[in-house]
1. Considering only residues of region 1-29 that are among the aromatic types (F, W, Y) and part of a helix (DSSP H, G or I), which is nearest to P50 (Cα to Cα)?
2. Quick check on F90: is it of a type in the set (F, W, Y), under 15 Å from the mean Cα position of the chain (by Cα) and farther than 27 Å from Q169 by Cβ?
3. Looking at (1) on the phi < 0 side of the Ramachandran plot; (2) surrounded by fewer than 18 Cβ atoms within 10 Å (Cβ to Cβ), find the lone condition where I54 falls short.
4. Tell me, which residue of region 66-86 that is of a type in the set (A, V, I, L, M) and more than 21 Å from E20 (Cα to Cα) is surrounded by the fewest Cβ atoms within 10 Å (Cβ to Cβ)?
5. List pairs: first residue in region 23-48 and at positive phi and buried (at least 19 other Cβ atoms within 10 Å of the Cβ), second residue in a loop (DSSP other than H, G, I, E, B) and at pLDDT 95 or above anywhere in the structure, Cβ distance under 9 angstrom, at least six positions apart or on different chains.
6. So for region 147-163 (the condition being under 24 Å from S7 (Cα atoms), buried (at least 17 other Cβ atoms within 10 Å of the Cβ) and in contact (Cβ under 8 Å) with a residue 60 or more places away in the chain), does at least one residue qualify?
Amino acid sequence: MRRVEVSQYKEEWASLFKEEAEKLTGIYGEELIDIHHIGSTSVVGLEAKPIIDIMPVVKDIRVVDNYNHLMYELGYKPKGENGIAQRRFFEKGGNDRTHHVHIYQVGSPEIERHLAFRDYVKSHKEAANEYGQLKKQLAQQFPYDIESYIRGKETFVSKIEHEALRWYQS
C-alpha cells in the first residue's frame, strides 16, 4: 500500500526534472516539441508529494506508443490514456513513485490547463499557501488512501484551474 506523503519543497526537484527531461528528449527526439515541469514540485516553496510531474509535448500522440519499450528501459510503466483522452501517461517507481510523465500532442487544451495552473500558483502566493496547507491536511487525514486525498483536493483545484485559465488567457 502506497503512503500519501506531502513534504516541504526541495530544491533538488528542479534538477531531478532536468535530468529526466534529458532522458526523455533522448527517447522522443524529433517528435518532441517541448517539455515542461508541471505539478507542485515545479513551484518553488510549495509543499508537494515528492513525485516529479513532467509534460512532454509531441507532434503526434499516436507515435508515443512506439517508444513504450524505451520507457520501460528507463523504469517507466506505460498506462495509456489513464483517464484523459489523447494523453499518454507513465509512472516510475511503483509504490515508491518518483516520476509521472503526461504526454500530450501539440494543441491539446490539457497543455494550457497544466501550464496555467502551475504559473498561477507560482504567481499567487496566497493560493499556493492555501493549496499546500490543504495537501498537508489531506495527507494526514488519508495517509493510505490516495483516492480520498485526490477527491479532497478536487473542489479547490477546480476553483484554482478556473481562475488560472482566466488569468493565463488575459
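The values are calculated or read from the model by the stated rules, or taken from the named source; none is laboratory data. The structure presented is a predicted model; accordingly, all values stated were derived computationally and were not measured. A quick note on method: Cβ atoms are made from the backbone with ideal geometry, for glycine too, and the neighbour counts reach across all protein chains shown.
1. So, considering only residues that are among the aromatic types (F, W, Y) and part of a helix (DSSP H, G or I), the one nearest to P50 (Cα to Cα) is W13.
2. So F90 passes the test.
3. If we test I54 against (1) on the phi < 0 side of the Ramachandran plot; (2) surrounded by fewer than 18 Cβ atoms within 10 Å (Cβ to Cβ), just (2) comes out false.
4. Looking at the filtered set, the residue picked out is A85.
5. The qualifying pairs are G39/K49; G39/I51.
6. Scanning region 147-163, I find at least one residue that is under 24 Å from S7 (Cα atoms), buried (at least 17 other Cβ atoms within 10 Å of the Cβ) and in contact (Cβ under 8 Å) with a residue 60 or more places away in the chain, so the answer is yes.
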